[in-house]
Structures are given as structure tokens and as C-alpha cells.
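A.B. asks: Structure incoming, see below.
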Amino acid sequence: MKSCEKRIYLNNAATSWPKAPGVAEAIAEAVRQLPGAANRGGINDFDVFEEVRKELAWVMGVSWPEQIALGCNSTWGLNEGIFGFPLEAGSVVLTTSSEHNAVLRPLYRLEQQGVRVVYLRADAFGRVQPEAWEKALKENAPKLCILNHASNVTGAVNDARMLTALAKQYGSAVLLDVSQTLGWIPMELEQWGVDMAAFTGHKYLLGPQGTGGLYVRPGLSLKPYLLGGTGVLSDLRDMPEEMPLHLEAGTGNEPSYHGLLAALRWSKEHPADKKRMDDLLNLIKTGLTEAGCRVVLPEGPVTPVVSFAVPGMSNADVGDILTESYDIICRVGLHCAPEIMEDIGMPRGTVRLSLSRFTTKEELEVVIEAVRAMAEDISS
């Protein structure tokens, strides 16, 4: 087996690696210690879930840590938000073609139950245009809007503040998917008026897999999608009404949340160098373009994601060569976001590189040379 340290890892939009310093040690220590999950016995002098909620509230820009329900990932949070929101047959949901399957598949289920879903097309870079968004709001009067804060395919960031404000003007609640932006794009969910926000800990928060959840604004009550034990109020036949217990059934992933807490605290003390990341993004986008690739180049705010294709080669072949010949880990295909591919004019998908704060200039230069060699082989 090849050493991980010798590989160039560019799949951070899927799962970040390496993790923040201290994450592995925190997880290992949690496994060695007595379990201390709140309300479930063990030791109770430190509630890791409560501490994580406090740190997340700071990152999200919300005043109520208890309104953050913790689960296993953003898919869990999206399902809780979508199926828990008070929709019925005939209700309208407005969403976009840039959404992940964690949104699309639950919505397909709701369509089978009589909910009408309106899918707004994104532009050629995967971004929602405010004029089209407002037109769809006016014409359809949705009860709920579901919006991807940033495309996991192109990196294009939506103006969540503006789009949420427009939705509010037309009486709609907003569920924002911040899976690709939390920990990377500064946000103020409370000021923006967001009703719900689904997030994950294993991407740009630099935490471990098995962490994530859903923020729910005060005053909004969801019908829990997952039912079970909470460790307290066990005589109730239904879930407790107060948050976060209302949505947190079952034993939480305590070791991984110790890891996420370490990542959150490390990131607070070590802010990302955005100027350096902008330079690296410009380097890889320019290098791929000059190598003859078709590169998706959105203007405006973006996450560190680059999608491209090598003319004359399948995405699968490009990915295989990068991995097997150059030890470059990327991702190819539809990236669990099939609808956006028509919008960006790449129906067969893309090769995706996603950087992290640990990516180096030297690594990207290796990628550019590798892709250039492939493109030259095709043209010769």
C-alpha cells in the first residue's frame, strides 16, 4: 500500500485530508476514556456536544447553540429539515438544479406524496441568478426554499443573504445547505434570516466523518424524522419538545465529536490564508486552461473547487491516470449533483480538484504537468 503522505490529495470537497492538527489525538483519547455522553451515564463533567454547539454557533453566526441539532452528517440534517418541515400535498418547494442528491432524492420522495417541487435552473457556472429566483418565487409561492450555498461541482457561491431576503418577501422559509461553505465562507445565518441550515463536519471544518447536523431558528418546530431515546424524559411517548433533544435521537458519535471540537478550536486560532488560496486557485485554473482543458471558471466568490475536462479523453480515464501514474487523488463523474451538469454544458460530468488550506503550490504544479502531458498525448 502506498504511503498517504506521498500522495497529492485534492478531494477535499468530498472529505478533507489531512485533518486539523489534534483531531486524531482527540478521537483516540475519547475512545480510551470512559464514555461521557450527556444524559446517558458515564462521566458528566464535560459535555462535548454542548461545547461543539457553542463553537458551531460562533462559526455560523447564530445566538442559540441549543438550536443546533447534531447528527452524523449534512445528509442527516437535510433529511431532518426536509421531512420535518410542515409540508402537505399541494405545498410547493422551490429548489435549484445545483443541489446535491441529499436534497434531490428526499424531494423526489415528497413529489411522490403530492408535494410540488419547482427546480430552478442555475446559470452556466452553477450559480442562482437573483432575477430568476425572484420570478420563481412570485410565480410559485413556495412554502419552503432549499438552496445550496455553494456548488460542490463548480465552487460558485450563491448570495445567500440576498436570496434568503427575497424568499422572505414572498413568505417562504429557507433551508440553506452549507455543506461546502461552513468553515470556508464567513456566514451570519441569524442576520440573513435563514430558517434552517444543514452542515457537515468532515469538509472545510476539517473534522472527522460522522459529524454534522441542522440549525433550526427559534420558533420553528420540525416533526422529528428520527425517533428514539434521549436519555431523559423517557416516560414521554413522543420526542421532547425542547431543542436540541427534539431532533437528537440515539447515542451520538462522541469520539468523532471530540475530533470536531479539536478542529473547530484549531481553526479559530489559525484562520485560513484566503489570499494564498486565491493565488493557488488562479494557478491551477490558469495552468489547466493553458494545457488545453475545458475549465469551468465562475466569476465572483468561489470555494476552492475546480472542475474541468480534457478534450478527447473520458473523465474516468483522466482520473485513473492521475491516480495510478501520479498519485493524485481527485474525483470524477457527476459528484452526486446530476442536474447541474446540463447547466454547465458538461452532461457527462467533470474531473474535480478540490483544494484545502494544506494544499501546496508544488503539488498543483505536479497536477498541471500531469494534465499537460495527457493533453499532449491526445493531440499528437
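The values are calculated or read from the model by the stated rules, or taken from the named source; none is laboratory data. Not measured: the values here are computed from a predicted model. Methodologically, a virtual Cβ is constructed for each residue, glycine included, from the backbone with ideal geometry; neighbour enumeration extends over all protein chains shown.
Results for (1) modelled with pLDDT of 95 or more; (2) under 18 Å from S74 (Cα atoms); (3) assigned to a helix (DSSP H, G or I); (4) not assigned by TED's automatic domain parsing to the domain that holds G71, shown as yes or no for each residue.
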{"site": "K203", "(1), (2), (3), (4)": "yes, yes, no, no"}
{"site": "L226", "(1), (2), (3), (4)": "no, yes, no, no"}
{"site": "R237", "(1), (2), (3), (4)": "no, no, no, no"}
{"site": "A249", "(1), (2), (3), (4)": "no, yes, no, no"}
{"site": "D278", "(1), (2), (3), (4)": "yes, no, yes, yes"}
{"site": "N282", "(1), (2), (3), (4)": "yes, no, yes, yes"}
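A.B. asks: Among the residues of region 255-278, are any touching a helix residue (DSSP H, G or I) at 6+ places or on another chain (Cβ under 7 Å) and over 30 Å from I68 (Cα atoms)?
C.D. replies: Looking for residues that are touching a helix residue (DSSP H, G or I) at 6+ places or on another chain (Cβ under 7 Å) and over 30 Å from I68 (Cα atoms), one finds none in region 255-278, hence no.
A.B. asks: Please state which one of G210, G183 is under 30 Å from P255 (Cα atoms), touching a Lys or Arg at 6+ places or on another chain (Cβ under 8 Å) and part of a loop (DSSP other than H, G, I, E, B).
C.D. replies: G183
A.B. asks: Restricting attention to region 297-304, does a residue exist that is among the charged types (D, E, K, R) and either at pLDDT below 95 or crowded, with 18+ Cβ neighbours inside 10 Å (or both)?
C.D. replies: yes
A.B. asks: So, one more: Right, S98: among the small types (G, A, S) and under 18 Å from A160 (Cα atoms) or not?
C.D. replies: In short, yes.
A.B. asks: Residues to consider are V128, V93, V118, V59; find the one that is outside any helix (DSSP H, G or I), surrounded by fewer than 23 Cβ atoms within 10 Å (Cβ to Cβ) and out of contact with any Lys or Arg (no Cβ under 6 Å at 6 or more places or on another chain).
C.D. replies: V118
A.B. asks: Between V174, V194, which is within 22 Å of T95 (Cα to Cα), assigned to a loop (DSSP other than H, G, I, E, B), modelled with pLDDT of 95 or more and touching a strand residue (DSSP E or B) at 6+ places or on another chain (Cβ under 7 Å)?
C.D. replies: V194
A.B. asks: Tell me which of these T360 doesn't satisfy, since it passes every other one: (1) loosely packed, with under 15 Cβ neighbours inside 10 Å; (2) under 13 Å from L10 (Cβ atoms); (3) within 22 Å of the chain's Cα centre (by Cα).
C.D. replies: Here T360 meets the rest and fails (3).
For (1) outside the structural domain of A124 (by TED's automatic domain parsing); (2) within 30 Å of H270 (Cα to Cα); (3) surrounded by fewer than 20 Cβ atoms within 10 Å (Cβ to Cβ); (4) modelled with pLDDT of 95 or more, each residue gets a yes or a no:
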| site | (1), (2), (3), (4) |
| --- | --- |
| Y326 | yes, no, yes, yes |
| A337 | yes, no, no, yes |
| D343 | yes, no, no, yes |
| L355 | yes, yes, no, yes |
| V367 | yes, yes, no, yes |
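A.B. asks: Starting from region 17-46, take each residue that is under 22 Å from A69 (Cβ atoms) and among the charged types (D, E, K, R) and list its partners that are modelled with pLDDT of 95 or more and in a loop (DSSP other than H, G, I, E, B), counting only C-beta distances under 8 angstrom and pairs at least six apart or across chains.
C.D. replies: Pairs found: none.
A.B. asks: Something else now. So for region 3-22 (the condition being at pLDDT 95 or above, more than 30 Å from I284 (Cβ to Cβ) and more than 17 Å from the chain's Cα centre (by Cα)), does at least one residue qualify?
C.D. replies: No; the residues of region 3-22 include none that is at pLDDT 95 or above, more than 30 Å from I284 (Cβ to Cβ) and more than 17 Å from the chain's Cα centre (by Cα).
A.B. asks: From the list A262, A272, A249, exactly one residue is small (G, A, S) and under 27 Å from T154 (Cβ atoms). Which is it?
C.D. replies: Result: A272 is the single residue among A262, A272, A249 that is small (G, A, S) and under 27 Å from T154 (Cβ atoms).
A.B. asks: Further question on the same structure: Under 6 Å by Cβ, and 6 or more places apart or on different chains, what pairs join a residue from region 219-240 that is more than 23 Å from D47 (Cβ to Cβ) with one that is assigned to a loop (DSSP other than H, G, I, E, B)?
C.D. replies: Between residues of region 219-240 that are more than 23 Å from D47 (Cβ to Cβ) and residues that are assigned to a loop (DSSP other than H, G, I, E, B), the close pairs are L220/D195.
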